[in-house]
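Contents: one structure, followed by commentary.
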Amino acid sequence: MAPDDYLFNNQDWHAFESAHREALIRKIDEYDSERLLNTSPSDLASYFEEKFWIEPVVLREDDIAADQREVQVERRDTFRDIRDRSKPFKVKGTRVEIDVPFDGEPKLFRIQPTSYTLNPPQGEVDNGILRLKLEGTNLNPEEVKVQIDQTLTTIRGYLQTLANDVGKLNRQLRSLAEKAISHRRDKLLADRNLVASLGFPLRERPDSSRTYTAPEVRRKLVPAPPPARSDAFEPEPSLADADYEHILGVLQNMAHVMERSPKAFETMDEEALRIHFLVQLNGHYEGQATGETFNYEGKTDILIRSKGKNIFIAECKYWGGPKKLIDTIDQILDYTSWRDTKTAVLLFNRNKDFSKVLESAREATKTHPSYKREIDRSNETEFRFIFANKDDPNRELILTLLAFDVPTP
């Protein structure tokens, strides 16, 4: 075989890894800005993770096929002509070809892994087939079998090392994508806020895109970019994470008061309990918390608004089973009309088996059709989830479920 037929010999792994990471970041930097801002960062990170995921090569050795043909084989025969014995000449011989189907990324056969030998195996890669060739004038079946087995053993070793290298890189893709998306979003939002602060109307670009097409992805199964709204992104008010945590703390403290003074609250219904929570919130937020405020499609228990936009929504409910909790979540989603809204469900339990209620509430929440994923859990009675807006899956909201044991009348 020619020198070009050497496998695992074209590019160093570290150079390949660096180029692959840079390509991911570059694609995010080139991604349409309106689409990036109008798409859930988590969904977008999942898309780029899938787009740049590398499938390790797996040989399908159960499907190996062999063939042979007559070919011209070079020889150097000292008895042919003593004057020209250094010159090769061709005679009729035999070529044996072993075709090994494989799954995975073909270009890995050209990558030198982090562990390798100075004598790499030889072969050809074409259309999902690794082809090994042996030529000679008097091939022996046993010797051919031994040589094929040795070559396959060497190739398996290279592929295993590459699988380990690829696995480490694949596990970094999600974090790398999230950081690159966050960095670009921050930059885009800062630029827009800069222009907005000038006080002049924004000029629409004549070439601004209203529809989007998916970029090409060189994969057998092409991941589609997450759906995004085609209208221009506008910065929206949101509740800072620190303020959200503070609000939840106020609500938890009030619930602990209930637990420590059971007699004072044992006859209260949801309406009366809500008033106590509103009093505490108004003490911290200057009366911005209101009760029974109409919002979007219905009324909510506790609402905080900023510049005319809802930034915090909460519902107070007694535990009445999984269906009632799902109905409560539906109610919150009906109220939610803005991006990055932070919400909460205050779940009061008057049943005896609180542990069973906690597990049932957690599992019920995850069955909701708008549920996307569970995130941080600070203690055993608090669960936090990401939900999609019912009208736009790219508008995500945080829903925190706070559960409390309250006295039975």
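Of the set (1) within 23 Å of Ala190 (Cβ to Cβ); (2) surrounded by 13 or more Cβ atoms within 10 Å (Cβ to Cβ); (3) not polar (S, T, N, Q), all apply to Phe16 but (1). Checking each residue in the range 37-67 for being among the hydroxyl-bearing types (Ser, Thr, Tyr) and not in a loop (DSSP other than H, G, I, E, B) picks out Ser42, Ser46, Tyr47. When the range 49-81 is limited to residues that are at pLDDT 90 or above and within 15 Å of Leu132 (Cα to Cα), the one that is farthest from the chain's Cα centre (by Cα) turns out to be Ala65. Return a yes/no flag: does the range 399-406 have any residue that is surrounded by 19 or more Cβ atoms within 10 Å (Cβ to Cβ) and closer than 19 Å to Asp43 by Cβ. Yes, because at least one residue in the range 399-406 is surrounded by 19 or more Cβ atoms within 10 Å (Cβ to Cβ) and closer than 19 Å to Asp43 by Cβ. Restricted to the range 309-409, the set of strands (runs of 3 or more DSSP E) holding at least 3 residues that are over 20 Å from the mean Cα position of the chain (by Cα) and modelled with pLDDT of 85 or more comprises 309-318, 342-349, 396-405. Applying the set (1) at pLDDT below 75; (2) among the hydrophobic types (A, V, I, L, M, F, W, C); (3) in contact with a Phe, Trp or Tyr (Cβ under 8 Å, 6 or more places away or on another chain) to Phe200 leaves exactly one unmet item: (3).
Residues being touching a strand residue (DSSP E or B) at 6+ places or on another chain (Cβ under 9 Å) and among the β-branched types (Val, Ile, Thr) are represented in the range 121-132 by at least one member.
Scanning the range 125-170 for residues that are assigned to a strand (DSSP E or B) and either crowded, with 17+ Cβ neighbours inside 10 Å or among the β-branched types (Val, Ile, Thr) (or both) returns Val125, Ile129, Leu130, Leu132, Leu134.
Residues that are assigned to a strand (DSSP E or B) and of a type in the set (A, V, I, L, M, F, W, C) were ranked within the range 101-124; the one that is farthest from Asp165 (Cα to Cα) is Phe102.
Residue-level analysis places Thr367 outside the set of residues that are β-branched (Val, Ile, Thr) and surrounded by 15 or more Cβ atoms within 10 Å (Cβ to Cβ).
The values are calculated or read from the model by the stated rules, or taken from the named source; none is laboratory data. Here the structure is a predicted model, which is why all the values come from computation and not from measurement. In this analysis, Cβ positions are derived from the backbone assuming ideal geometry, glycine residues included, and neighbour counts consider all displayed protein chains.
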